[in-house]
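Undergrad: Can you keep this structure in mind? I'll have questions shortly.
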Amino acid sequence: MGLFDLARPALFALSPERAHALSIQGLKSGLVPPARLKDDPRLQVGLGDLCFPNPVGLAAGYDKNAEVPDAILDLGFGFTEVGTITPRPQSGNPKPRVFRLPIDKGMINRLGFNNEGHAAALTRLEARRDSPGIVGVNIGANKDSTNFVEDYVKGIDTFYNVASYFTANISSPNTPGLRNLQAGEALEVLLKRVFDRVDANSEKSGKRLPIFLKIAPDLEPSEMDEIADVVKASQLSALIVSNTTLDRDTLTERKHAQEAGGLSGKPLFEKSTRILAEMYARLGDKLPLVGVGGIGSAKDAIQKMEAGASLVQLYTCMVYAGPCLPSDIVRGLSTHLTKHNIPNISELVGSKNGDWI
């Protein structure tokens, strides 16, 4: 039994947000030991000018204020994503707003982009600018903003010199009206404005950063068609599939099932992987995909990649499995490649796409 197994009952006796804050403090203080992973060159993933040492990343939502990106990377992650960060600080929705579903190994949250804003995160990211590791910045819009698109533009300008890549999060269900940006014409407008700012910052800095887009799993086929058409014609570097779901059909635990907010963790795995496979079928090799939703083992990560993901991200399953999960998954990927005599992880991508459609 590991340290986390011993600590879990005490952590779960606390509110989810209090336990989360303590885990951040544990990483800051060095209480959580780093993983001792050897790099496996077979796990490297190239995406534009970025070389990911392994395909396993931490999704946005955990390190909202860029407090511990380097400690997170030390857990064995190949990359991490801070945020979602909005231009101005905001407290988010009223508490309680996070609910554990331990039987299903899921969570429901309606946090509402609670974060300290651009200025606080920028100070922290500037302090680690010369540190190694891939740290993406997930940008969003303030709830009371009069122009959501301009909030994303501000994010590009603010963090351009400290980010490894950007993710435009237009798929949270907890900011009213935000998911409307996924619609074809609205998405075109957003991406045009974002890439106008990328062009301007690229000219000044001499480097061009990748832009990822994060979409929801609650999409109809026609909506997926529309998104695919827009992103194929865009300069996006990757599509993240997916954010949390409003669906509750997969839950066996009904205690919090009626709570408003996005559902994440194991109950999201099947749905998010099907949407991932559908988007891969539409995009093929036109745009790399990042698979998110319910990843709690190396087997889950492999299935995401076989469905079409080049990279994967996790978060909620760490609440139940603890900080050793990323290194366990990375080791499991290496073992899988060895067992099946696969020379590079990229050979998994899309290899069983048809099984999920």
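Undergrad: Residue by residue through the stretch 1-53, note down the ones that are under 18 Å from R100 (Cα atoms), assigned to a helix (DSSP H, G or I), at pLDDT 90 or above and among the small types (G, A, S).
TA: Result: A19, A21, S23.
Undergrad: What pairs can you find where one residue is in the stretch 218-233 and within 23 Å of N174 (Cα to Cα), the other is assigned to a loop (DSSP other than H, G, I, E, B) and among the hydroxyl-bearing types (S, T, Y), and their Cβ atoms are less than 8 Å apart, with a gap of 6+ or different chains?
TA: Pairs found: none.
Undergrad: Among the listed residues G57, G30, identify the single one that is of a type outside the set (D, E) and touching an Asp or Glu at 6+ places or on another chain (Cβ under 9 Å). Write out each step before concluding.
TA: Details: G30 fails: touching an Asp or Glu at 6+ places or on another chain (Cβ under 9 Å).
Just a single option satisfies the conditions, and that option is G57.
Undergrad: Still on this model: Considering only the stretch 83-114, state which residues are closer than 12 Å to G140 by Cβ, under 16 Å from the mean Cα position of the chain (by Cα) and assigned to a strand (DSSP E or B).
TA: G83, T84, I85
Undergrad: How about the stretch 160-182: which of its residues are touching a residue at least 60 places away in the same chain (Cβ under 8 Å), within 24 Å of F79 (Cα to Cα) and surrounded by 21 or more Cβ atoms within 10 Å (Cβ to Cβ)?
TA: Within the stretch 160-182, Y165, T167, N169, S171, S172 qualify.
Undergrad: When the residues of the stretch 307-357 are filtered to those that are among the hydroxyl-bearing types (S, T, Y) and assigned to a loop (DSSP other than H, G, I, E, B), which remaining residue is farthest from P102 (Cα to Cα)?
TA: The extreme case among them is S351.
Undergrad: Filter the stretch 37-85 down to residues that are touching a Lys or Arg at 6+ places or on another chain (Cβ under 8 Å), buried (at least 24 other Cβ atoms within 10 Å of the Cβ) and not aliphatic (A, V, I, L, M), then give me how many there are.
TA: Number satisfying all stated conditions: 3.
Undergrad: Kindly indicate whether any position in the stretch 183-191 is surrounded by 23 or more Cβ atoms within 10 Å (Cβ to Cβ) and not hydrophobic (A, V, I, L, M, F, W, C).
TA: No, that holds for no residue.
Undergrad: How do the helices (runs of 4 or more DSSP H) wholly within the stretch 174-291 filter down when requiring 2 or more residues that are among the hydroxyl-bearing types (S, T, Y): which remain?
TA: In the stretch 174-291, the matching helices (runs of 4 or more DSSP H) lie at 184-205, 269-283.
Undergrad: Since A228 meets every condition but one in (1) under 25 Å from L348 (Cα atoms); (2) buried (at least 22 other Cβ atoms within 10 Å of the Cβ), which condition does it not meet?
TA: Among (1) under 25 Å from L348 (Cα atoms); (2) buried (at least 22 other Cβ atoms within 10 Å of the Cβ), the lone unmet condition for A228 is (2).
The values are calculated or read from the model by the stated rules, or taken from the named source; none is laboratory data. All figures in this text were calculated on a predicted structure; none of them were measured in a lab. Methodologically, a virtual Cβ is constructed for each residue, glycine included, from the backbone with ideal geometry; neighbour enumeration extends over all protein chains shown.
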